[in-house]
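Taken together, the values in this text are just the output of simple stated rules run on the coordinates, not laboratory data. Predicted, not measured: the structure shown is a model, and the values here were computed from it. Here Cβ is always computed from backbone atoms with ideal geometry, including for glycine, and neighbour counts include all displayed protein chains.
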Amino acid sequence: MVVLHTQASTSEVKHKKNRRKMAKKPARIAPAGGAEDSEDQEMEEQPPAAEGSNAEEHHETNWVDGDDDVMIDTDTAAPPTVDAPAFPPLPASAQRTALKSEIRRIPIPPHRMTPLKKDWVNIFSPLTEMLQLQVRMNVQRKCVEIRTSKHTKDIGAIQKGADFVKAYALGFDVNDSIALLRLDDLYLDSFEIKDVKTLHGDHLSRAIGRIAGQDGKTKFTIENASRTRIVLADTKIHILGSFQNIKIARDAIVSLILGSPPGKVYAGLRTVSARMRQRAM
């Protein structure tokens with residue numbers, strides 16, 4: 001295998017060197033008059049540059065001065081410190097509403113009018129003595145009217161009184177309804193069988209029979225186990241008790257509506273009642 005090394009000819013190298021010299025010669029050689037002209041041009045160009053630098057320095061000083069002015073303005077414009085206002089506590093008389101007395105009307109169903117007349121003394125006595133409310137029976141409208149007075153001290157008294165009368169109108173006993181006035185954590189819960197499952201005819205009757213039981217045995221068992229009071233009014237079910245106890249009773253009733261046998265519901269209630277006793281201890 002033969003390798004050839006090619007070298008550039010001496011004429012080409014000399015030609016390249018001559019080109020470099022020719023390119024450098026015009027930069028090195030300059031006429032005397034041209035040099036003087038270039039110096040004059042440089043002298044003439046220097047003053048504008050100085051003026052531009054002075055303008056830039058003046059511009060920078062203006063910015064600095066402007067910043068100082070802004071800082072001074074912010075310092076002088078700072079609002080003075082003001083102490084927090086102190087208000088004296090309101091007296092007890094000022095907390096009472098100075099507006100007109102509130103009125104509540106609780107409708108009474110026709111089948112509860114006769115029991116209401118018999119228990120009227122036991123109904124209006126707690127409202128007037130415990131809650132200091134004014135009560136009357138409106139026969140034309142078939143409703144009980146409750147109104148606050150100047151002797152009413154508690155703001156929520158009228159709501160408690162309305163819940164008490166409503167519980168009696170739904171079918172609860174007077175002694176059970178009075179618990180709403182004495183305790184704060186008691187509530188009313190109402191629902192219908194069709195809210196759980198749509199039943200018609202004999203299926204609906206059997207569901208009501210499972211809830212009530214023979215001679216009301218199942219209903220009483222649920223009440224004693226969950227510490228609540230239950231009212232069966234046709235297809236409507238009303239429960240009176242605390243929030244947690246209402247949930248226990250409602251779950252048992254829903255299981256009976258869905259078709260669970262009473263024995264299985266009793267077993268669940270026994271387990272729940274045992275847990276409640278342990279928590280109470």
Over the stretch 184-280, relative contact order from alpha-carbon pairs under 8 Å, at least 6 apart, %: 34
Entries of Lys194/Lys217; Lys219/Lys264; Lys117/Lys153; Lys236/Lys264; Lys197/Lys236 with Cα pairs more than 19 Å apart: Lys194/Lys217; Lys117/Lys153; Lys236/Lys264
Contour excess over end-to-end distance, with Cα ends at Arg136 and His151 and 0.36 nm allotted per residue: 3.7 nm
Cα-based equivalent ellipsoid of the stretch 192-242: semi-axis lengths in Å, sorted from largest, via gyration tensor: 20, 13, 8
Whole-number percent relative contact order across the stretch 98-183, with pairs defined as alpha carbons under 8 Å at least 6 apart: 33
Neighbourhood net charge (10 Å Cβ-Cβ; Lys/Arg +1, Asp/Glu -1) for Asp189: +2
The stretch 184-280: mean projected area of Cα convex hull, nm²: 6.0
Spin-label pair Ala84/Asp251, simplified geometry with 7 Å Cα→Cβ offset, distance in nm: 4.6
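Under the rule a/c < 1.5 gives rounded, and otherwise a/b versus b/c splits prolate from oblate, where does the stretch 98-183 land using the Cα gyration tensor?
oblate
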